[in-house]
1. So, in the stretch 96-153, how many residues would count as being among the basic types (Lys, Arg) and touching a Pro at 6+ places or on another chain (Cβ under 8 Å)?
2. Taking the condition of being of a type in the set (Val, Ile, Thr) and within 20 Å of Pro269 (Cα to Cα), how many residues in the stretch 135-180 meet it?
3. Residues of the stretch 259-287 being β-branched (Val, Ile, Thr) and in a strand (DSSP E or B), which ones?
4. If you go through the stretch 144-172, how many residues are polar (S, T, N, Q) and in contact (Cβ under 8 Å) with a residue 40 or more places away in the chain?
5. Would you mind stating whether Val294 is over 20 Å from the mean Cα position of the chain (by Cα) and of a type in the set (Val, Ile, Thr)?
6. If the Cβ limit is 8 Å and pairs must be 6+ apart or interchain, which residue in the stretch 202-217 that is within 10 Å of Ser169 (Cβ to Cβ) pairs with which residue that is of a type in the set (Val, Ile, Thr) and not in a helix (DSSP H, G or I)?
7. I need the full set of residues from the stretch 290-332 which are part of a strand (DSSP E or B) and surrounded by 16 or more Cβ atoms within 10 Å (Cβ to Cβ), in order please.
Amino acid sequence: MLVLWLASATPTSAAVKKIIFDTDPGTDDALALMLALNSPELDVRAITVVPGNVTASQGLENALRMVSLANRCDIPIAAGAQHPLFQKLITAEFWHGKNGLANIELPRSKCKMDSRFGPDLILQMVHAAPHEITLVPVGPLTNIALALLKDPSIAPLVKEVIIMGGSISGGNVNASAEANIYNDPEAAQIVFRVGWPLTMVGLDVGDKTLFSKKYLDQLGQTHGPVNDFTYAVGKYLIDLSAQFGLPGSPMYDPLAVGVAIDATLVKSPEMHVDVETRGEFTRGETVANRHGTVERNVLRGDHYVIEGIDKVTPNAKVCVDVEADRFLQLFVSRIKGK
């Protein structure tokens, strides 16, 4: 009986999700990474760095220092792309602080950079564990696109992809586009079109997860290296959000990790999503077909006529709602005292 009880009480390895965390380490990336590293449901197999919130070199330094703070030098940390596929990089120190980490100066890292190129590391790990790896990119999708361009055969071998990016109700860079997609729309277009299981954790659902003083105060009751760093980043973000009239800071990237931990936190109907790459006012917009159909127009003489309605195949689960308090309490519970 004792043997049977022990077997049932021990989590099986199948219940743990193997993830590759692709990140442009700014402030909400930092919170997402700490959540991932402190959640038993997730096995972080690698961290790959992409430019976005900060330059590629600053992002790599941030990732190394954060992983060292969490005492997880066992995880490979690899540099990836140095710039978007076809456009100039846009960095966001305006939002994230001069170093991308709320101007918090972490101790020098004890961890060493993996020598492999980030997209190559993704390819190697997916091939080594087919149908087992979940990709969690929370920055521009440049590294993921580069991996696909080099070896499209990984698409059916990836278990799932959970991205923080996009929106179906307007942007934050401009009226249409969310920042991660806007920073490399061509890369995003590749990632959305490849046909693998994909969940889009967008701007609009992230806006519902406001990390407010209520949750910050809960973190302030306990201490530890990760706890105190997360508290400091959270306070910076709350203070920044207050300047724009918000009672808390949206937890964009951490929510993508939350969905990897527990998909029941969100409602995510299937839709077909395209990425606009050419529009003067809409470049970087994620365009979701909510009805799953398009009109079929056929040229008759000098004009087109509608001949019928064609169905479109969904290519993404699009998060439209979230149990915000349950997610935020989960976040706090994983970080407290660490």
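1. First, the residues of the stretch 96-153 that are among the basic types (Lys, Arg): 98, 108, 110, 112, 116, 150.
Then drop every residue that is not touching a Pro at 6+ places or on another chain (Cβ under 8 Å), which leaves 116, 150.
Number of matching residues: 2.
2. Qualifying residue count for the region: 5.
3. Val266, Val273, Val275, Thr286, Val287
4. Of the residues in that region, 1 qualify.
5. Considered against the rule, which asks whether it is over 20 Å from the mean Cα position of the chain (by Cα) and of a type in the set (Val, Ile, Thr), Val294 comes out as yes.
6. Gly202/Ile168; Gly202/Thr286; Gly202/Val318; Asp204/Ile168; Asp204/Val320; Val205/Val266; Val205/Val320; Val205/Val322
7. If the condition is that a residue be part of a strand (DSSP E or B) and surrounded by 16 or more Cβ atoms within 10 Å (Cβ to Cβ), then Ala316, Lys317, Val318, Val322 are the ones that fit.
Here's the yes/no breakdown for (1) buried (at least 16 other Cβ atoms within 10 Å of the Cβ); (2) of a type in the set (A, V, I, L, M, F, W, C):
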site	(1), (2)
Val44	yes, yes
Thr48	yes, no
Glu61	yes, no
Leu64	yes, yes
Pro76	yes, no
Ala102	yes, yes
Glu105	no, no
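Bear in mind these aren't lab numbers, they're just calculated from the coordinates by the rules spelled out. This is a predicted model, so every value here is computed, not measured. Counting neighbours? That spans all protein chains shown, and the Cβs are built from the backbone with ideal geometry, glycine included.
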